[in-house]
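Enquirer: Here it is, the structure in full.
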Amino acid sequence: MRHIWIMTASDLRQRVRDKSVIIFALVVPLALMFVFDLTFGGAGDIELDPVDVAVSAPADDQLAAGLLDGTFAVDAVEVTRVDAADADEVRSLVDSGEVALGVIVPDGFGETLTSGAGPVVQVVEGEASNLSSSVVITVLEAVLDRLTSATVAATAGAVAGVPHEELAAVAEAAATAGPRLAVTEGEASTEQLSFSGSLVAGQAGLFLLFTVGFGVLGLLAEREQGTLARLQSMPMRPGLIVAAKGLVAYILGVVATAVLLTVGGMFFDVGFGALLPIAVLVLCVVASAVSLVFVIARLARTAEQAQISQSILGMVLGMSAGAFFPITAGGFLGTLIDLNPIAAFMHGLGITTGGGGVGDIGQPVAIMLGFAVLAAAASRLVPDRGAAS
């Protein structure tokens with residue numbers, strides 16, 4: 001074991017001195033996280049602009065006043081009310097661009113409403129109309145529908161023979177009835193990552209293959225340089241050389257992934273849950289990545305071929321896992337994506353983010369370890385094309 005630790009320590013010092021390891025393992029993924037979060041991170045945060053609304057309504061009409069008060073009380077939009085003398089002044093204010101929206105409540109609004117007829121409220125939109133104006137119009141329609149439903153209920157009650165003194169209560173009940181669907185704000189599913197969380201986890205998984213490649217693919221570079229032959233001539237088992245390269249790759253992968261998750265989480269205010277299940281996921285996904293790179297090292301004839309193959313596989317696995325944007329698929333393709341170790345890693349982090357522990361991440365851990373075992377077996381069975389050449 002002394003030989004393997006000496007080779008591992010020596011190789012680690014060499015890799016750390018090589019700035020390309022730091023660049024591809026940490027600097028590039030962190031930079032991509034920052035750029036993507038800066039570009040798309042606020043896509044779901046919509047801030048509505050204030051809106052000026054000109055209003056013409058009959059004086060001393062309580063129902064008209066209630067309609068307007070209910071409309072402009074909406075919390076989502078800041079509404080500035082501008083009272084106009086009549087409908088013509090409302091249209092003039094809208095046409096001149098002084099206000100974005102005009103609301104014209106006709107004379108006799110209250111009487112028309114209580115008679116059971118549907119009063120018509122005119123809305124004038126100007127060129128300055130925007131999303132905020134649309135929100136105000138939607139609220140106006142909802143309040144008007146609620147007032148109309150109260151009148152309809154009172155009229156129907158009168159036709160049905162409800163005592164006159166009870167009609168007011170019927171109308172009030174119809175006007176104040178709650179919605180049939182209650183919507184409450186809650187947390188995301190325990191298996192879903194936020195946009196920033198998915199970005200951090202995806203980039204960490206995407207660049208994992210590049211990171212572990214610096215350790216394993218060193219076998220090919222040393223073979224081309226003649227260093228590997230000298231190591232094999234030393235009085236130790238040849239398998240220790242391969243084990244040392246694998247250990248170097250494993251250590252680099254664990255450290256880089258842990259740093260990316262930690263720093264990325266700090267940058268974008270993302271938490272992935274308890275430390276122990278996260279550590280289990282990191283150890284498992286790094287094991288699968290190292291095993292896969294060993295297969296590449298066996299199939300490639302040169303270090304250049306291995307690096308190209310590693311880049312292609314890294315991009316395919318990372319993109320299919322959703323490192324840049326969510327991927328949704330069903331059937332055979334969906335099953336194939338689920339077997340992707342990077343996708344399993346992100347799935348596991350989604351579980352831990354929702355409070356899951358070690359006992360809850362059995363499926364993603366099984367996928368990653370199964371992938372590692374199959375890749376390790378394949379690396380022993382496939383011919384070593386580099387040695388044959």
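The values are calculated or read from the model by the stated rules, or taken from the named source; none is laboratory data. Treat the numbers as computed from the prediction; the structure is a model and nothing was measured. We place every Cβ from the backbone using ideal geometry, glycine too, and count neighbours over all the protein chains shown.
Enquirer: Quick test for you: out of P326, P383, pick the one residue that is farther than 30 Å from G273 by Cα and at pLDDT below 85.
Expert: Working: P326 fails: farther than 30 Å from G273 by Cα.
Exactly one residue qualifies, and that residue is P383.
Enquirer: Filter region 311-323 down to residues that are in a helix (DSSP H, G or I) and either at pLDDT below 80 or not β-branched (V, I, T) (or both), then give me how many there are. Before you say what the answer is, go through the steps one by one.
Expert: Step one: of region 311-323, the residues in a helix (DSSP H, G or I) are 311-321.
Right, trim to either at pLDDT below 80 or not β-branched (V, I, T) (or both) and you get 311, 313-315, 317-321.
Of the residues in region 311-323, 9 are in a helix (DSSP H, G or I) and either at pLDDT below 80 or not β-branched (V, I, T) (or both).
Enquirer: If you take the residues of region 90-110 that are part of a loop (DSSP other than H, G, I, E, B) and under 23 Å from G66 (Cα atoms), which of them is modelled with the lowest pLDDT? Before you say what the answer is, go through the steps one by one.
Expert: Keep residues of region 90-110 that are part of a loop (DSSP other than H, G, I, E, B), which gives 96-100, 105-108.
In the following step, the residues that additionally are under 23 Å from G66 (Cα atoms) were identified as 99-100, 105-108.
Values: V99: 89, A100: 88, V105: 90, P106: 88, D107: 88, G108: 85.
If we take residues in region 90-110 being part of a loop (DSSP other than H, G, I, E, B) and under 23 Å from G66 (Cα atoms), then G108 is modelled with the lowest pLDDT.
Enquirer: What are the residue pairs meeting all of these: first residue in region 372-389, first residue surrounded by fewer than 15 Cβ atoms within 10 Å (Cβ to Cβ), second residue at pLDDT below 90 and part of a loop (DSSP other than H, G, I, E, B), Cβ atoms under 8 Å, and 6 or more apart or on different chains?
Expert: Every condition considered, the pairs that remain are R385/A300; R385/R301; S389/R301.
Enquirer: Looking only at residues in region 36-64 that are modelled with pLDDT of 85 or more and surrounded by 14 or more Cβ atoms within 10 Å (Cβ to Cβ), which one is nearest to S196 (Cα to Cα)?
Expert: That would be V51.
Enquirer: Which of the residues spanning region 248-277 are β-branched (V, I, T), surrounded by 21 or more Cβ atoms within 10 Å (Cβ to Cβ) and under 30 Å from A9 (Cβ atoms)? Can you show your working first?
Expert: Taking region 248-277 first, the residues β-branched (V, I, T) are 248, 251, 254-255, 257, 259, 262-263, 270.
Checking which are surrounded by 21 or more Cβ atoms within 10 Å (Cβ to Cβ) leaves us with 248, 257, 270.
If the condition is that a residue be β-branched (V, I, T), surrounded by 21 or more Cβ atoms within 10 Å (Cβ to Cβ) and under 30 Å from A9 (Cβ atoms), then V248, T257 are the ones that fit.
Enquirer: Please list, ordered by residue number, the helices (runs of 4 or more DSSP H) wholly in region 337-389 having 1 or more residues that are within 23 Å of L199 (Cβ to Cβ) and of a type in the set (G, A, S). Quick ask: steps written out before the conclusion?
Expert: Numbers: elements: 341-353, 362-381, 385-388.
Output list reads 341-353.
Enquirer: Follow-up question, since we're still on this one. Out of curiosity, is S291 over 21 Å from the mean Cα position of the chain (by Cα), among the polar types (S, T, N, Q) and buried (at least 21 other Cβ atoms within 10 Å of the Cβ)?
Expert: The answer is yes for S291.
Enquirer: Still on this structure: Please work out which residue is farthest from the chain's Cα centre (by Cα), limiting yourself to region 69-78 and to residues that are assigned to a helix (DSSP H, G or I) and surrounded by fewer than 19 Cβ atoms within 10 Å (Cβ to Cβ). Talk me through it step by step, then tell me what you get.
Expert: At the first step, the residues of region 69-78 found to be assigned to a helix (DSSP H, G or I) are 69-72.
Subset that is surrounded by fewer than 19 Cβ atoms within 10 Å (Cβ to Cβ): 69-70.
Details: D69: 38, G70: 36 Å.
Filtering region 69-78 for residues that are assigned to a helix (DSSP H, G or I) and surrounded by fewer than 19 Cβ atoms within 10 Å (Cβ to Cβ), the one farthest from the chain's Cα centre (by Cα) comes out as D69.
Enquirer: Looking at region 251-280 only, could you name the residues that are over 16 Å from G354 (Cα atoms) and not in a helix (DSSP H, G or I)?
Expert: F268
Enquirer: Could you count how many residues in region 281-310 are polar (S, T, N, Q) and either closer than 14 Å to G215 by Cα or outside any helix (DSSP H, G or I) (or both)?
Expert: Going through region 281-310, the residues polar (S, T, N, Q) turn out to be 288, 291, 302, 305, 307, 309-310.
Among the residues that remain, those that are also either closer than 14 Å to G215 by Cα or outside any helix (DSSP H, G or I) (or both) are: 291, 302, 307, 310.
The number of residues fulfilling the criteria is 4.
Enquirer: Give A54, A65 a once-over and let me know the one that is touching a helix residue (DSSP H, G or I) at 6+ places or on another chain (Cβ under 8 Å) and not in a loop (DSSP other than H, G, I, E, B). Give the derivation first.
Expert: Values: A65 fails: touching a helix residue (DSSP H, G or I) at 6+ places or on another chain (Cβ under 8 Å).
Residue meeting the stated conditions: A54.
Rundown of residues vs (1) over 31 Å from the mean Cα position of the chain (by Cα); (2) within 20 Å of L260 (Cα to Cα), yes/no style:
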site	(1), (2)
I342	no, yes
H347	no, yes
T352	no, yes
G356	no, no
G359	no, no
A366	no, no
F371	no, no
A378	yes, no
V382	yes, no
